[in-house]
Amino acid sequence: MYYLTNNNLGKFLARLDFNEAFYNYKYSYYNNELKEFDIDLGFFTKDEAKNLVIAERIYFDLKVEMDKYLIIEKKNNQTRWVFEIHNSSFHADKDCEKLKSRFSNYQMPNVDNPDEYRAYFEKIFPELEAQNDINKKWEFSTIIKEKFNLKEDLDFIVEHYLTPVNKKNSGVTSIVVDINENIEEFKVLTENCPKYDVRRAYFKKNDSDNGKYFEYVYNLRKNIYSQMLLFYISKILEKGLEINEELLKLTGFSPCSCCKK
């Protein structure tokens with residue numbers, strides 16, 4: 001049995017598609033109904049609906065058979081980061097210490113020669129990390145702005161390019177939220193709102209007239225989506241998901257170096 005963190009199981013689901021959906025252009029995930037939750041998938045984006053449908057199918061099947069799914073190739077977006085992005089890991093031990101690890105990296109600016117920038121950043125990185133001083137960041141920001149002809153101002157460079165992006169590992173967790181209460185609130189809130197507008201709530205939250213409404217709708221929809229997905233994930237992991245090791249590798253995951261069998 002193998003374990004993925006909640007976040008990585010979400011990535012795994014995003015890299016699967018039904019064969020029938022890929023080869024039949026008339027197929028729509030919006031035509032499915034969830035058995036566990038009384039909510040219309042038409043309110044969600046296409047990717048959100050797909051992930052929820054696949055998650056529930058796996059939840060009831062509890063076995064991922066390779067011939068049922070098409071693998072969507074998604075490569076790591078290395079262009080965004082200074083340091084190399086490695087494949088996410090799958091774990092043989094639910095208590096593996098790496099499940100508590102953190103992601104830390106630096107964002108890349110838009111430069112003509114990324115390799116040269118990375119080489120220079122690796123050169124200054126030890127001093128940048130050791131001192132972690134705002135004055136030192138300002139000094140480096142002035143240098144890289146001139147050296148690589150950056151258009152951003154020094155404040156932006158310090159905040160976005162010389163400050164690390166740190167993300168805590170999502171871990172393997174259980175759901176403690178009453179999802180149905182949020183679903184009922186969502187139904188009332190969107191009763192007179194077209195599904196298309198709800199799906200586009202992120203883009204409509206800056207509207208001068210209804211911006212606050214759509215911002216609230218967007219945040220509530222994303223919370224419900226996350227809660228439902230985590231519900232399926234936690235139940236799948238509790239029951240023991242049979243994921244073929246080959247399938248994990250094909251979807252971009254590598255065996256954990258700490259607990260691999």
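The table for this structure:
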read-out	value
Sites residue 200 and residue 119 - FRET efficiency at Förster radius 51 Å, r taken between beta-carbons, to 0.05	0.75
Exposure rank, largest accessible area first [138, 81; 1.4 Å]	138, 81
Above-threshold pairs, the threshold being 27 Å between Cα atoms, out of 187/235; 205/249; 11/151	205/249; 11/151
Burial ranking of peptide ranges 184-191, 139-146 (average Cβ count within 10 Å, highest at the top)	139-146, 184-191
Stretchable slack from residue 107 to residue 131, in nm (0.36 nm times residue separation minus alpha-carbon distance)	6.7 nm
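The values are calculated or read from the model by the stated rules, or taken from the named source; none is laboratory data. Everything numeric in this text was worked out from a predicted model, so none of it was measured. Methodologically, a virtual Cβ is constructed for each residue, glycine included, from the backbone with ideal geometry; neighbour enumeration extends over all protein chains shown. The area values use the complete protein model at the heavy-atom level, side chains included, leaving out ligands, DNA and RNA. Shrake-Rupley method; radii C 1.70, N 1.55, O 1.52, S 1.80 Å.
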